[in-house]
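Below you'll find the structure, written out as structure tokens, and then a few comments.
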Amino acid sequence: MPANARENNISFTTWFENKFRIPILISKWCMELEKRTQGPGEIVTEYAKAIRKLIKCVDSGKNWTEEQKIYFFTKRLRTNLSYAFWSLLALKDNLTMDIAIELAQ
């Protein structure tokens, strides 16, 4: 971290994101998130971990709502999971990503 960053009281995290979280990478992560699907042999927890990682890359400011996160998680679940899953989702109040993952398992 450069000395002037320390002088301006910039945290390492802020400096690192400003230096390496460039628009081309953010676009790449957005495309990966948009296209990410649950693989045939992939269990729900592995798929959820990959989705969470991509969301963290795209939304480093943690501005996304739970609904947005759940949308990307459920968007490409295996078809046999998603139909039953949606009926369970409709019955839940105050849905979070953790609850969505638990229901999908």
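The values are calculated or read from the model by the stated rules, or taken from the named source; none is laboratory data. Computed from a prediction, not measured in an experiment: that's the story for all the values here. In this analysis, Cβ positions are derived from the backbone assuming ideal geometry, glycine residues included, and neighbour counts consider all displayed protein chains. Areas reflect the complete protein model, heavy atoms only, side chains present, ligands, DNA and RNA absent. Shrake-Rupley method; radii C 1.70, N 1.55, O 1.52, S 1.80 Å.
Brief remarks on what is shown
- Region 47-58 residues that are without any contact (Cβ under 8 Å) to a residue 60 or more places away in the chain, paired with ones that are surrounded by fewer than 17 Cβ atoms within 10 Å (Cβ to Cβ) and assigned to a helix (DSSP H, G or I) (beta carbon under 8 Å, 6 or more apart): L54/E32; C57/L25; C57/I26; V58/I26; V58/C30
- Residue in region 28-37 that is open to solvent by less than 90 Å² (accessible area, probe 1.4 Å) and at pLDDT below 90 present: no
- Failed condition for K62, given (1) open to solvent by less than 90 Å² (accessible area, probe 1.4 Å); (2) on the phi > 0 side of the Ramachandran plot: (1)
- W15 falls short on exactly one of the conditions (1) open to solvent by 60 Å² or more (accessible area, probe 1.4 Å); (2) in contact (Cβ under 8 Å) with a residue 12 or more places away in the chain, and that condition is (1).
- Region 50-83 - residue that is under 8 Å from the mean Cα position of the chain (by Cα) and basic (K, R) and, of those, farthest from E102 (Cα to Cα): K56
- Residue in region 67-81 that is at pLDDT 95 or above and open to solvent by less than 40 Å² (accessible area, probe 1.4 Å) present: no
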